[in-house]
Amino acid sequence: MTIPPGLRAHAPLRPTVDCVVVGGGPVGLLTALFLGQSGLRVSVVERQPRRYPLPRACTIDHEALRILQAAGVMTDHADLFEPSQGERGGYEFRNGKGELLQAIDWNRAAESGWANTNGFHQPDLEAVLEELALATPGVTLHRGWSFHGLTQDDTGVTAHVAPTEEPGALSHLRSRWLIGADGARSAVRTHLGIDVGDSGFEADWLVVDYQPLAEEKWSAFVTQYCDPEQPATAVNSGPGRRRFEFMRRTDTTVEELGRDSTAWRLMAPWGVTEKTARLERHAVYTFRGQWARSWRSGNVFLAGDAAHLMPPFLGQGLCAGLRDARALTWRLGMVHRGTAAPEVLDTYGPERMGHVRTIIDEAVAAGRVICELDADRAAARDTEMKRRSSAPEAITREPPHPRLGHPSLTAGHGEATGRLAPQARVEEAGREGLFDDIAGGGWQLISGAGDPAALLGEDDAAWFRAIGGVTADVSGEGSVHELDGTYARWFARHACTAFLARPDFYVFAAGAHEDIPAFVARLRRALRPRTDDG
Ligand SMILES: Cc1cc2nc3c(=O)[nH]c(=O)nc-3n(C[C@H](O)[C@H](O)[C@H](O)COP(=O)(O)OP(=O)(O)OC[C@H]3O[C@@H](n4cnc5c(N)ncnc54)[C@H](O)[C@@H]3O)c2cc1C
């Protein structure tokens with residue numbers, strides 16, 4: 001009998017599982033889904049009895065969509081995401097007079113195979129993640145339960161949880177691992193006593209979500225109005241929706257900023273009024289740049305907003321959380337199956353922290369540009385931005401693509417190592433689609449100069465297959481044919497002909513086709529599975 005999702009979201013607690021996930025937001029749900037797909041028994045503990053109905057994130061990047069593709073979201077739900085495209089795509093900075101300071105072209109497929117930037121409605125994504133998580137064997141969701149504390153010993157973690165409405169009625173959940181995906185005010189992080197670093201950036205912004213009643217014409221997908229009188233952002237927030245964000249000026253209180261009348265007054269200069277739009281919600285947020293100084297304590301890990309916070313000017317907070325989910329779960333899955341040693345978990349925090357710190361710094365830097373309230377400094381900024389935007393590369397600047405932090409689970413120091421790997425559209429045996437769907441999305445050994453499998457000894461080839469690895473010759477001679485030139489361009493850009501990518505799409509090693517046996521030997525050593533002598 002199929003159990004309706006509503007009931008499974010309130011399943012009875014199981015005393016022992018492989019992993020407890022605290023927090024059923026997007027990051028916790030995706031984490032549980034990936035772990036369930038890897039064969040782990042997972043319990044998600046979520047303090048709210050119902051899903052959070054309001055959006056926070058409204059744009060999502062190509063890499064995050066590839067992660068959602070791996071989770072199975074894109075198979076039936078790609079229409080949740082509206083790609084930035086056409087003459088009204090892209091990212092613009094304008095000054096107080098509305099003059100263009102800088103335009104960045106987002107209207108292209110990026111290397112992950114999906115549009116560079118996409119608008120979406122966060123509650124819709126969370127509904128799909130919850131549905132998929134609940135349909136995954138081994139995953140249960142316990143809504144209306146709150147985390148209160150934990151104890152650890154050599155073999156695992158005991159979490160102390162209680163019904164949110166009845167905090168005194170403690171129950172205990174035993175697991176090998178626990179993941180704190182419990183948001184910005186993480187109780188797990190606080191319980192562990194983990195210190196939080198701070199960028200020093202802080203600004204209150206009013207966020208207004210509305211549905212236009214008639215089609216609106218916008219010059220860009222996202223526009224930052226760098227007006228010292230009233231810094232503002234206008235953004236596409238998914239099919240049929242728009243969002244404005246307005247910074248709080250020093251002469252306005254948080255209470256005033258949060259009023260309906262303020263939202264309508266601030267939107268009026270753009271012609272958005274009660275006659276042209278339906279207000280979905282408005283709320284004041286304090287934007288900050290913060291990070292947990294450690295992402296692990298024993299068998300407990302942090303992920304998502306529990307581990308990092310950033311101002312939303314680059315639309316990267318949730319994207320970073322989805323990266324955490326992927327980076328942590330492939331490791332836990334392999335350790336659980338015995339195909340990797342527990343030491344691979346040591347690189348999760350350093351890799352992800354180094355990566356996200358770069359993005360937090362960029363988001364804060366963008367915030368300092370946008371939030372400038374001094375008229376003279378704003379004028380100087382405008383002049384400088386106009387000067388820089390005349391450089392040819394200014395319009396094609398990519399959003400940040402940092403390298404993994406150090407130490408990382410990678411081999412060698414090549415330019416591409418530790419960076420995002422590409423995904424092309426391919427054809428194989430008459431089937432067309434994105435590589436991960438057609439050939440497989442785990443470990444990927446891809447060469448533009450011949451068949452990788454032909455270079456591997458029998459033992460290495462069998463081992464690579466056993467960890468879920470796929471090989472492909474995309475030179476045109478093999479069975480997989482690339483249709484859009486993504487791999488060829490990537491190989492040319494990085495002066496290499498082959499790469500070995502991890503299940504989170506970061507390059508483990510890149511180099512010449514002939515180096516492929518060395519890539520695999522290095523990977524075997526890096527994973528050091530207890531069952532492997534290699
Ligand atoms: C205004 C705004 C705009 C944004 N725009 C973007 C954007 O465009 N693109 C982007 O990528 N990101 C954006 N972000 C960031 C993004 O929304 C967050 O990074 C993301 O929602 C975090 O997801 P999470 O699952 O880590 O945390 P949350 O969504 O906060 O989920 C945490 C969950 O843990 C539960 N919980 C908390 N404590 C406990 C406890 N003790 N026991 C049990 N459960 C508990 C909570 O109820 C909650 O459901 C934006 C954020 C804001 C505020």
Could you tell me the calculated FRET efficiency between Val196 and Ala521, based on Cβ-Cβ distance and R0 = 41 angstrom, to the nearest 0.05?
0.55
Cα gyration tensor, the chain - rounded (a/c under 1.5), prolate or oblate
oblate
Rounded to 5, the percent of DSSP beta bridges in the chain classed as antiparallel:
75 percent
Nothing charged except the Cβ atoms of Lys and Arg (+1) and of Asp and Glu (-1): what's the magnitude of the dipole of the chain about its Cα centre? Round to the nearest 20 debye.
940 debye
Using alpha-carbon positions, what is the distance between the centroids of the stretch 431-458 and the stretch 88-127, in Å?
32 Å
Output the Kirkwood hydrodynamic radius of the stretch 259-308, Cα pairs only, in Å rounded to one decimal.
14.5 Å
For Lys386, Lys97, the accessible-area ranking with a 1.4 Å probe, largest leading, is Lys97, Lys386
Full extension from Thr383 to Arg265: what is 0.36 nm times the residue separation minus their Cα-Cα distance, to one decimal in nm?
39.5 nm
What's the carbon and sulfur percent of the chain's accessible surface, probe 1.4 angstrom, rounded to a whole number?
51 percent
Whole number please: convex hull volume per residue, Cα atoms of the stretch 419-527, in Å³.
90 Å³
Might you tell me the accessible area per residue for the stretch 220-314, computed with a 1.4 Å probe and given in Å²?
39 Å²
Read phi for every residue in the stretch 262-277 and hand back ³J(HN,Hα) as whole Hz from Karplus 6.51 cos²θ - 1.76 cosθ + 1.60, θ = phi - 60°, with x for Gly and Pro.
5, 4, 5, 4, 6, 7, 4, x, 9, x, 9, 9, 4, 7, 10, 8
Once all protein chains are kept in place, Asp376 shows an accessible area at probe 1.4 Å, nearest 10 Å², of 120 Å²
Prolate/oblate/rounded call for the stretch 350-504, Cα gyration tensor, a/c under 1.5 rounded
prolate
Using 0.36 nm times the number of residues separating Ala375 and Arg249, minus their current alpha carbon distance, what extension gain do you get?
44.0 nm
Neighbourhood net charge (9 Å Cβ-Cβ; Lys/Arg +1, Asp/Glu -1) for His355:
+3
Pairwise label distance in nanometres, Glu477 with Ala512, each label 7 Å out on the Cα-Cβ vector
1.6 nm
If you take the square roots of the eigenvalues of the alpha-carbon gyration tensor of the stretch 475-534 and sort them as a ≥ b ≥ c, do you get rounded (a/c under 1.5), prolate (a/b over b/c) or oblate?
prolate
Over the chain, calculate the relative contact order: mean separation of alpha carbon pairs under 8 Å at least 6 apart, over the residue count, as a percent.
15 percent
Give the lysines reachable from Lys275 as a straight Cα distance under 25 Å; neighbours fewer than 8 places away on the same chain don't count.
Lys217
For the stretch 77-164 the GluC sites (Glu not before Pro) that pass both the DSSP coil test and the at-most-13 other-Cβ-within-10 Å test are Glu87, Glu99
Inter-site label distance for Arg14 and Asp346 at 7 Å from Cα along Cβ, in nm
3.1 nm
Label point 7 Å beyond Cα of Glu256 along Cβ direction - residues of the stretch 357-381 with amide nitrogen under 20 Å:
371-375
Quick one: how many Å² of Asp484 are accessible to a 1.4 Å probe, rounded to 10?
60 Å²
Square roots of five times the Cα gyration tensor eigenvalues for the stretch 117-243, Å:
39, 22, 13
In Å², and per residue, what accessible area does the stretch 419-527 have when probed at 1.4 Å with the other protein chains present?
39 Å²
Treat each spin label as a single point 7 Å out from the Cα along the C-beta direction, and report the Arg185 to Glu229 distance in nm.
3.7 nm
Let's test the formula: R0 of 35 Å, r as the Cβ-Cβ distance of Gln152 and Ala365. What FRET efficiency results, to the nearest 0.05?
0.35
What length, rounded to one decimal in nm, is gained on full extension from His172 through to Glu215, with 0.36 nm per residue of separation minus their alpha-carbon distance?
10.2 nm
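The values are calculated or read from the model by the stated rules, or taken from the named source; none is laboratory data. All figures in this text were calculated on a predicted structure; none of them were measured in a lab. Cβ sites come from the backbone with ideal geometry, for glycine too, and all protein chains shown count toward neighbours. With ligands, DNA and RNA removed, areas are computed over all heavy atoms of the protein, side chains included. Shrake-Rupley method; radii C 1.70, N 1.55, O 1.52, S 1.80 Å.
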